[in-house]
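Participant: Would you mind keeping the following structure in view while I ask a few things?
Laboratory data are not the source of any read-out in this text; all were calculated from the coordinates shown. Model, not experiment: these values are computed from the prediction. Because the Cβ atoms are built from the backbone with ideal geometry, glycine has one as well, and the counts that use them run over all protein chains shown.
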């Protein structure tokens, strides 16, 4: 064990599904991180929506920038809690690999289309990308990541007691102990996702004009952060107020998670990472007060951003585009690129539906829109 790591940090790996000699110059989780960054799925996150479709502005978050921001927060938390930073970072960078184009709108469209075949779950799709769909290594499909990284992806939302179809199928091959809690590093990556998501959506919503800074300031936690920023910088230009507010809220949330996790760990008194997995509840999370403040922010975003008429219009157009794509390709697998057509087999079957779903889920926003035009506009060549 690294001398600076806590006894309950992950300190050794259970290995990989396909045995490989480990790299003497990198830890197993540094190697996982590097494989994730070099994957096609990671590159595609650059043009996958967070909330806004890619062409609506250059400064809004994408799945790629969000993942990098989550990784930064995860490393900060892991360092302060004496956990393995590289494992936390790898999980943060990989957690959104399974998101389809158009964010949650795309996920809803694919879930509806796949309902007769088990539905669609982006966490299961993330696992599928790194265990099957990435095809760049000679010796195996996927990235052959460590057990610990796969476990963290599978349990991003906590124990998977009712696993999605692919999680269940993969677990039969490689037991990820789905009903237990994940490592503390995985829990850090999950809470870092929550911290980054809500705060950066506030900033993007203000930038987009969906709501005003003073409306956000009516919420207790962002309001206190903005007041502190204004007190520290009385002559602050208006355009810097929202970023100052957001960074202070993020700092407050990180401090809260560190304090609450320390309290829970002290109470649990774990001696190993196995004790973290066997605990009755997660050891990394917000205090009750911060959880309520975060819920207030989330409720505000749902009302003022995610249900805003401009976002709703984009959502409906995006869902419709993916629904049409799925219907056309499932019923006409001969229109798929050769590699996908061969895998899909006979049109209209459950096997074809799964392949078409994988094909669409891997698309970027712009490719999905172009593919929709190619298949529906008679004036556009195929």
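Participant: Determine one quarter of the surface area of the Cα convex hull of region 78-136, which equals its mean projected area, and express it in nm² to one decimal.
Facilitator: Working: hull surface 22.0 nm².
For the Cα atoms of region 78-136, the hull's average projected area reads 5.5 nm².
Participant: A further question follows. What 222 nm value per residue comes from the helices of the chain, counting each DSSP H run with n ≥ 4 as -39,500 (n - 2.57) and dividing by all residues, nearest 500 deg cm²/dmol?
Facilitator: After summing the helix terms and dividing by residue count, I get -18000 deg cm²/dmol.
Participant: Taking the Kirkwood radius as the inverse of the mean 1/r across Cα pairs, report the Rg/Rh of region 311-376.
Facilitator: On the way: Rg = 11.8 Å, Rh = 12.0 Å.
Rg divided by Rh gives 0.98.
Participant: May I ask you to compute the full-extension gain from residue 38 to residue 346, defined as 0.36 nm times their residue separation minus their alpha-carbon distance, rounded to one decimal in nm? Don't skip to the end; give the middle numbers.
Facilitator: Numbers: separation 308, 0.36 × 308 = 110.88 nm, distance 3.30 nm.
In short, 107.6 nm is gained.
Participant: Same structure again: Expressed in nm to one decimal, what extension gain is obtained for the pair residue 320 and residue 339 from 0.36 nm per residue of sequence separation less their Cα-Cα distance?
Facilitator: Working: separation 19, 0.36 × 19 = 6.84 nm, distance 2.56 nm.
So the chain would gain 4.3 nm between residue 320 and residue 339.
Participant: Across the Cα atoms of the chain, what radius of gyration and what greatest pairwise Cα-Cα distance (Dmax) are found, in Å?
Facilitator: Calculated on Cα positions, Rg and Dmax stand at 21.6, 67 Å.
Participant: Taking the Cα centroid of region 1-49 and of region 193-227, what is the distance between the two, rounded to the nearest whole Å?
Facilitator: Rounded to whole Å, the Cα centres lie 33 Å apart.
Participant: Fewest first, what order do 325, 127 take by the number of other Cβ atoms within 10 Å? All intermediate terms of the calculation are to be shown ahead of the outcome.
Facilitator: Numbers: 325 25, 127 29.
Ordered by Cβ neighbours within 10 Å, fewest first: 325, 127.
Participant: Any idea what % of Cα-Cα pairs in region 28-173 are farther than 23 Å? Don't jump to the answer; show the numbers that get you there.
Facilitator: Numbers: 3819 of 10585 pairs.
Cα-Cα pairs in region 28-173 separated by more than 23 Å: 36 percent.
Participant: Return the single residue from 218, 192, 235 with maximal mean-square fluctuation; model: Gaussian network over the chain, springs between Cα atoms under 10 Å.
Facilitator: Of 218, 192, 235, the Gaussian network model singles out 235 as fluctuating most.
Participant: Relative contact order of region 185-307, please, whole-number percent, based on alpha carbon pairs below 8 angstrom and at least 6 residues apart. Mind showing how you got there, number by number?
Facilitator: Numbers: 87 pairs, mean separation 41.7, N = 123.
The value is 34 percent.
Participant: How big is the Cα convex hull of region 185-307 in projection, averaged over all directions, in nm²? Write down the numbers at each step before the final one.
Facilitator: Values: hull surface 33.3 nm².
About 8.3 nm², averaged over all directions.
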